[in-house]
Amino acid sequence: MARHGLDAVLTRVAGIVGSPHVVVDPEVTRPYTVDWTGRFHGTTPAVIRPGSVEELAEVVRVCAEARVAIVPQGGNTGLVGGGVPLEGELVLSTRRLTALGEVDEIAGQVTAGAGVAISALQERARAAGLEYPVDLAARDSATVGGTIATNAGGLHVIRWGGTRAQLRGIEAVLADGSVVRHLGGLPKDNTGLDLAGLLCGSEGTLGVVTAARLALVPRLPERVVTLVGFEDLRAAVAVVARVRRGLSCLNAAEVFFADGLALVCEVEGLREPFGRSWPVYVLLEASDHDDPTERMSSALAAAGVTGDVAVGTDARTRAELWAYRERHTSAINTLGPPHKLDLSLPLPMLPDFIARLPEVVARHAPSARTWLFGHIGDGNLHVNITGTAPDDEEVDDIIFRMVASCGGSISAEHGIGTAKKRWLHLNRSAAEVRAFRRIKRALDPVGILNPNVLLPPE
Ligand SMILES: Cc1cc2nc3c(=O)[nH]c(=O)nc-3n(C[C@H](O)[C@H](O)[C@H](O)COP(=O)(O)OP(=O)(O)OC[C@H]3O[C@@H](n4cnc5c(N)ncnc54)[C@H](O)[C@@H]3O)c2cc1C
């Protein structure tokens, strides 16, 4: 669009949200144009920060009329380059939509604005004796809207499911500026299409989420975290499967490896957890109304664990054990922008896949390093590759093809964004992608909502 046309749009938008909330100074807009990893960056003429759903709807209407593309953005913690303006789009920030309702203790639900941080939502739930079960290391910045747009998974999927499983209703602005609102939260409500489910995971391409009705789960105050060292991954996978069968209060089963732990300890100045290094580490967390520590240790013994075990029963030691796992993402980022391949594999295939990976990477990118960690309970492996250029996608291509040939997914929980749209066909048939396109065209005929993510060019 010509600059004078864009200026006219921004003048109209400033009339809606107020000039201080149309940010054009490149120094101030810069953090909105670079993703969390530093791998994806672009430019934007302006960051627009509406303060209400009405303002946001007006802004979208003006942009639709002028055919100006928008990238919705929440906390900007996404890891697939989906929330930054790579093609000069306007950024529509939801960070001012922070209304957070009182917890409905009878229904076990709460209504939260799109810009509410996940940690704020968790705190509000806890104060009412409940818990918002979606949890992730980016909890202080990731927002309700962003986690819905990406259908974020996180640490507790094995027990409570991901974001879609908590969604009881949604409010969103569609590409023509109309507002859809269905926030009653009825657990049973078969009155037509599930728009909340459709928008969840649509990565800002079908509508801008402005609020959501979310289910909460009981707060289980007694908690134990256990870190176990293993000689090999096959043994770790077998133990996790047995512990899951024997311990119904298991919340999380996470995995990391000796080299990742060493990096985390070096970057964060932490001491290694055991007197010796183990090739594989599994972190397990359980919570219940009564202390699950005994049940956890019986389940581990019954599963045949013989390696080192560290147990955290108080808040400090639990946090110390979690730090070994949670700080992987930030520690790896200190080595330069990584390629982040968030994969999902059938669990029985995980050990062989990981065993083959270093050789495959070394063959195609000798200078690259591979870092692995993830949510082993879900078969969700985060493969991080450092030491290759941000735009060198050869290794990504080989690994994605490998994962698809094993019946796995190229995106377990981060979404497709811009990073993976080239490979969507590996997991989705031509008929499915055609259906995606028809839905996109029906809801966003002009193509203004995050037009450069999810769907590859036709
Ligand atoms: C340290 C770290 C740990 C992480 N751990 C996990 C994890 O365990 N599990 C997991 O799933 N992810 C994880 N992530 C990735 C990230 O936190 C999630 O993808 C999260 O859901 C993004 O939320 P956000 O508010 O930051 O969204 P953004 O990064 O701002 O946006 C992400 C996508 O959603 C769209 N979007 C944002 N807000 C809206 C809205 N209101 N309406 C419509 N579209 C919108 C954007 O356009 C973009 O496509 C992690 C990230 C980091 C940095």
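A few comments on the model shown:
- The residue that is nearest to Gly417 (Cα to Cα), among those in the range 139-152 that are buried (at least 24 other Cβ atoms within 10 Å of the Cβ) and not hydroxyl-bearing (Ser, Thr, Tyr), is Ala149.
- Residue match in the range 101-113 (condition: farther than 21 Å from Glu203 by Cα, surrounded by fewer than 24 Cβ atoms within 10 Å (Cβ to Cβ) and in contact with a Ser or Thr (Cβ under 8 Å, 6 or more places away or on another chain)): yes
- Residue within the range 423-436 that is surrounded by fewer than 22 Cβ atoms within 10 Å (Cβ to Cβ), aliphatic (A, V, I, L, M), within 20 Å of Asn380 (Cβ to Cβ) and away from the ligand (no atom under 14 Å from the Cβ) present: yes
- Of residues in the range 36-62 being in a helix (DSSP H, G or I) and in contact with a helix residue (DSSP H, G or I) (Cβ under 7 Å, 6 or more places away or on another chain), the one farthest from the ligand (Cβ to nearest atom): Val62
- Within the range 79-100, considering residues that are over 16 Å from Val208 (Cα atoms) and either of a type outside the set (A, V, I, L, M, F, W, C) or buried (at least 24 other Cβ atoms within 10 Å of the Cβ) (or both), the one nearest to the ligand (Cβ to nearest atom): Leu79
- Subset of the range 375-421 that is at positive phi and surrounded by fewer than 23 Cβ atoms within 10 Å (Cβ to Cβ) - its residue that is nearest to the ligand (Cβ to nearest atom): Gly379
- Matching residues in the range 440-458 - criterion: being away from the ligand (no atom under 15 Å from the Cβ) and part of a helix (DSSP H, G or I): Arg441, Ala442
- Search result, residues across the range 356-407 that are assigned to a helix (DSSP H, G or I) and without any contact (Cβ under 8 Å) to a residue 40 or more places away in the chain: Pro358, Glu359, Val361, Ala362, Arg363, His364, Glu394, Asp397, Ile398, Arg401, Ala404, Ser405
- In the range 137-164, the residues that are among the aliphatic types (A, V, I, L, M), over 19 Å from Val84 (Cβ atoms) and within 8 Å of the ligand (Cβ to nearest atom): Ala137, Val144, Leu155
Bear in mind these aren't lab numbers, they're just calculated from the coordinates by the rules spelled out. If you're wondering where the values come from, they're calculated on a predicted model, not measured in any experiment. Note that each Cβ is placed from the backbone with ideal geometry, even for glycine, and that neighbours are counted across all protein chains shown.
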